[in-house]
Amino acid sequence: MTHVLIIGGGIAGPVTAMALRRAGIEASVHEAYPRGADRAGAFLVLFANGLAALAAIGADAPVLDHSFPSGTVEYLGDTGRTLGVRPLAGAGPDGTAPRTLPRAVLHRVLREEAARRGIPLAYGRRLVDVVRGPGGKVVAVFADGSRAEGDLIIGADGLHSRTRRVLDPDAPRPRHTGQVTVCGRTRAPGHAAPPGTYRMMYGKHGFFGQVTGPDATTYWFANLPAPEVPRAALAGYTPDRWRRRVTEAFADDGTPAAALAAATGDDIVGINGYDIASVPVWHDDRTVLVGDAAHATAPNAAQGASMAIEDGVVLARCLRDLPDAGQAFAAYERLRRERVERIVALSAAMADRIVRTEGERRVRDAEVERRLAADARDAPDTDGSADWITGYRVDWEEKVC
Ligand SMILES: Cc1cc2nc3c(=O)[nH]c(=O)nc-3n(C[C@H](O)[C@H](O)[C@H](O)COP(=O)(O)OP(=O)(O)OC[C@H]3O[C@@H](n4cnc5c(N)ncnc54)[C@H](O)[C@@H]3O)c2cc1C
């Protein structure tokens with residue numbers, strides 16, 4: 001029986017393992033970090049397309065149980081004036097509103113669900129190399145000296161994927177998008193967003209978003225134009241330093257952003273924004289990439305996790321239906337590449353949208369108001385811009401040929 005080694009136990013890893021299990025293919029997951037590694041403050045939003053892909057393999061329930069929905073978005077200009085309110089993309093008639101949850105919780109519930117289905121997960125296994133074994137087997141070599149042998153390797157090891165580099169030593173490096181993203185969460189009273197609403201704020205020096213869950217925790221992020229913070233320096237940035245940075249960036253605005261950041265304790269983390277416009281090599285005859293390893297995206301469109309989930313389910317369908325791995329990997333790439341690279345490009349364009357002068361800001365505010373008014377008149381997303389993203393559905397039953 002085919003055994004697949006999955007490298008990375010973030011989002012794509014456990015989802016791909018569960019989808020393979022559903023397709024009758026055995027897999028084990030090998031994660032670099034020890035169990036329970038967390039990033040304070042960081043949270044994710046899953047849209048209808050990612051939630052539907054989880055539902056396709058019956059794995060949506062634990063995520064729904066640990067997240068909360070918000071079906072509306074409100075935009076504020078830098079003066080604090082409301083530019084408009086509209087239903088969020090994907091919060092359509094089927095009621096699938098986007099769901100928010102801490103990143104660490106998403107990782108945990110996906111891993112727990114995979115373990116409940118009998119999928120082995122090994123922690124502290126950092127892939128360093130892949131070599132060929134006897135009889136066409138592949139062997140994953142880990143930093144601790146251990147090895148694992150299988151028939152295929154799936155690289156679900158994220159933005160700085162080692163599998164990507166082993167597959168193609170010339171693979172492009174992640175590009176810094178010119179932004180850092182700072183995420184925080186707080187239960188400080190008096191700073192909640194309106195119920196069921198993502199409140200987005202166009203500040204003079206950055207973009208800020210907040211949402212409040214039913215337990216009164218407010219989650220927020222700030223996208224700030226900034227040069228890349230070197231990895232070693234990033235480790236030395238304290239929550240206090242990030243808090244001051246965000247508070248100062250929004251201090252000139254009339255929005256609630258600065259006060260919310262100032263009221264946040266140590267649940268703050270800052271991250272460089274990266275993407276890769278296109279990864280030329282996604283697979284060979286034994287190894288294939290999924291999630292950020294295949295298509296790292298800037299966080300602005302909030303689609304990286306949903307795309308990672310879609311990938312895992314589509315790849316499992318291809319391996320289920322096609323006679324050999326080479327054909328399955330080629331079909332998977334054919335089904336996925338155009339869509340995900342389009343979203344990566346869209347997210348990169350969103351990262352470029354910071355405007356600097358007063359005049360530019362007024363034009364931007366007028367454009368946001370015009371778009372929201374058009375949405376309200378006709379239907380949400382009249383330009384169809386989000387339909388192709390959040391309206392995408394993976395059909396588990398459909399045969400791949
Ligand atoms: C600030 C920020 C906000 C974001 N917000 C959203 C959002 O709201 N919605 C959304 O959909 N997306 C969002 N994203 C993007 C999303 O986080 C990623 O696209 C998603 O996590 C990709 O999933 P993945 O499984 O491919 O990679 P990851 O989630 O990064 O998982 C990769 C795993 O591989 C492990 N690993 C790495 N190297 C090795 C190795 N050598 N050996 C073994 N294991 C290894 C890692 O420890 C990790 O557990 C955001 C990203 C950022 C940075």
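Does ALA222 satisfy the criteria of being surrounded by fewer than 23 Cβ atoms within 10 Å (Cβ to Cβ) and either touching a helix residue (DSSP H, G or I) at 6+ places or on another chain (Cβ under 9 Å) or assigned to a loop (DSSP other than H, G, I, E, B) (or both)?
Values: surrounded by fewer than 23 Cβ atoms within 10 Å (Cβ to Cβ): no; either touching a helix residue (DSSP H, G or I) at 6+ places or on another chain (Cβ under 9 Å) or assigned to a loop (DSSP other than H, G, I, E, B) (or both): yes.
No; evaluated as a whole, the condition is false for this residue.
Scan the range 19-51 residue by residue and report those that are modelled with pLDDT of 95 or more, buried (at least 24 other Cβ atoms within 10 Å of the Cβ) and more than 11 Å from the ligand (Cβ to nearest atom).
Correct list: ALA19, LEU20, ALA27.
Please return the ranges of strands (runs of 3 or more DSSP E) entirely within the range 139-196 where 1 or more residues are at pLDDT 95 or above, under 30 Å from SER67 (Cβ atoms) and hydrophobic (A, V, I, L, M, F, W, C).
Numbers: elements: 147-150, 152-155, 175-186.
By residue number, 152-155, 175-186.
When only residues in the range 242-298 that are acidic (Asp, Glu) and touching a residue at least 24 places away in the same chain (Cβ under 8 Å) count, which is farthest from the ligand (Cβ to nearest atom)? Let's see the steps before the verdict.
Looking only at the range 242-298, we keep the residues that are acidic (Asp, Glu), and these are 248, 252-253, 266-267, 275, 284-285, 292.
Remaining after also requiring touching a residue at least 24 places away in the same chain (Cβ under 8 Å): 252-253, 266-267, 275, 284-285, 292.
On the way: ASP252: 24, ASP253: 21, ASP266: 17, ASP267: 14, ASP275: 10, ASP284: 18, ASP285: 21, ASP292: 4 Å.
This residue is ASP252.
Say whether the condition of being of a type in the set (A, V, I, L, M), surrounded by fewer than 18 Cβ atoms within 10 Å (Cβ to Cβ), at pLDDT below 95 and over 22 Å from the mean Cα position of the chain (by Cα) is met by at least one residue in the range 64-85.
The answer is yes; a qualifying residue exists.
Inspect the range 125-135 for any residue being assigned to a loop (DSSP other than H, G, I, E, B) and more than 10 Å from the ligand (Cβ to nearest atom) and give the result as yes or no.
Applying the first criterion (assigned to a loop (DSSP other than H, G, I, E, B)) to the range 125-135 yields 125-126, 133.
If we keep only those that are more than 10 Å from the ligand (Cβ to nearest atom) as well, we get 133.
Yes, the range 125-135 has at least one match.
The values are calculated or read from the model by the stated rules, or taken from the named source; none is laboratory data. What you see is a predicted model; the values in this text were computed from it and never measured. Note that we place each Cβ from the backbone using ideal geometry, even for glycine, and neighbour counts take in every protein chain shown.
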